[in-house]
Amino acid sequence: MTKFAHYNSEGVIVGFYDDALHRDIPEPFLEIEDNAHSDHVNGSKTLRVEEVDGEAQFFEYTPPPPPLEIIQAEAKRSVVGWINALTDQLTSKYSTIEIAGFVAKKIEAEKAAAGDPGPFPMLESEATLTGETVADLAAVVLAKDAAYEAITAAVTGLRRNTFTAIDAATSAPDVQAAIDAAKVSASAMAEAMGLIVPEALGA
């Protein structure tokens, strides 16, 4: 059983054939060893074909790096992914309907804390079920909101600073340096908040 690589005019391999399975093998083709075939197929190496002194042979091809703007866009997606992974630790324990109603509940809580007599439909309904007073529940709601606002401000600052550094980068190493700096800040931030440090930021 012998394997062959069929390639185009640019030397790019476009298909593989086995003489035990295929009667017709399109030209041009070049016999390929099993190890080289496996390396190319599994992505550990990218092979191409070139002619040297009129003889076709394989060589390992290194693709050019992506354009800087693509690297920058990927880096920004990584930062946003990290922020989502961080804030998901705070929001994942709440249902969608609870999150949707939080702004309205906060408004009621602010009014209750300011001495407004009400009524407060959301707070009163929840307090009836939990056995809390409206005043105690309002305090809990406002404390949670303050904590979340502090986290929101922190991650927004991190994102803006990192995006600015990424936009200012003139090379791939510059982009990686911006990500590395963000990792340090992000890890310290997450630990200070008592949250698990996500693995989503950068490579």
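The values are calculated or read from the model by the stated rules, or taken from the named source; none is laboratory data. Just so it is clear, the model here is predicted, and its values are computed rather than measured. Reconstructed Cβ throughout: ideal geometry from the backbone, glycine too, with neighbour counts over all protein chains shown. Accessible surface areas use protein heavy atoms only, side chains included; no ligands, DNA or RNA. Shrake-Rupley method; radii C 1.70, N 1.55, O 1.52, S 1.80 Å.
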Relative to the present Cα-Cα distance, how much length would full extension add between A36 and D18 at 0.36 nm per residue of separation? 5.1 nm
Note to self: with every protein chain in place and a 1.4 Å probe, the range 48-203 gives an accessible area per residue in Å² of 61 Å²
The long-range amide H neighbours of G15, using H built 1.01 Å from N in the peptide plane and a cut-off of under 5 Å, are H6
Taking only DSSP H segments of four or more residues, each worth -39500 (n - 2.57), what value at 222 nm results for the chain once the sum is divided by all its residues, to the nearest 500 deg cm²/dmol? -19000 deg cm²/dmol
Taking a probe of 1.4 angstrom, what is the accessible area of V155 in Å², to the nearest 10? 10 Å²
Looking at S78, S92, V103, which one has the Cα that reaches farthest to the positive end of the dipole of the range 53-104 (charges on Cβ: Lys, Arg +1; Asp, Glu -1)? V103
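Work out, in µm²/s and without decimals, the Stokes-Einstein translational diffusion coefficient of the range 35-116 at 20 °C, 1.002 mPa s, Rh from Kirkwood over C-alpha pairs. Walk me through the numbers on the way to the answer.
On the way: Rh = 18.9 Å.
The diffusion coefficient I find is 114 µm²/s.
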Tilt relative to the chain, helix 121-130 - C-alpha long axis, 0 to 90 degrees, to 10: 90 degrees
Which residue, P67, P117, P173, has the most motion in a Gaussian network model of the chain that connects Cα atoms within less than 10 Å? P117
Please find, in a Gaussian network model of the chain (springs between Cα atoms separated by less than 10 Å), the residue of F59, F102, F163 whose mean-square fluctuation is greatest. F59
Check each of the GluC sites (Glu not before Pro) in the range 1-44 and keep only those in coil by DSSP with at most 16 other C-beta atoms within 10 angstrom; list them in order. E10, E33
Assuming 0.36 nm per residue, please report the length gained on full extension of the stretch M1 to I97 beyond their Cα-Cα distance. 28.3 nm
Determine the relative contact order of the range 68-203: mean sequence separation of Cα pairs under 8 Å and six or more apart, normalised by residue count, in whole percent. 39 percent
Computed over the chain, Kirkwood Rh from alpha-carbon pairs, angstrom: 22.5 Å
Just to verify a number: what accessible area does L195 come out at with the full protein assembly present, 1.4 Å probe, Å² rounded to tens? 30 Å²
Taking Cα atoms only, helix 102-113 is inclined relative to the longest principal axis of the chain by an angle, in degrees rounded to 10, of 30 degrees
Using the Cα centre of the range 41-144 as the reference point, and only Cβ charges (+1 on K/R, -1 on D/E), how large is the resulting charge dipole? Debye, rounded to the nearest 20. 360 debye
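If you roll a 1.4 Å probe over the range 83-203 with all protein chains in place, what percent of the accessible area is carbon or sulfur? Walk me through the numbers on the way to the answer.
Details: 4330 of 7150 Å².
Heavy-atom surface of the range 83-203 belonging to carbon and sulfur, 1.4 Å probe: 61 percent.
If exposed means no more than 13 neighbouring beta carbons inside 10 Å and the site is in a DSSP loop, what's the longest run of the chain without any exposed trypsin sites (Lys or Arg not before Pro)? Write out the running numbers ahead of the final one.
Working: sites that count: R23, K93.
Longest site-free region, per DSSP loop and neighbour criteria: 94-203.
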Taking the alpha-carbon centre of each part, the distance from the range 1-41 to the range 147-182 in Å is 46 Å
Run the 1.4 Å probe and let me know the accessible area of D24, rounded to the nearest 10 Å². 130 Å²
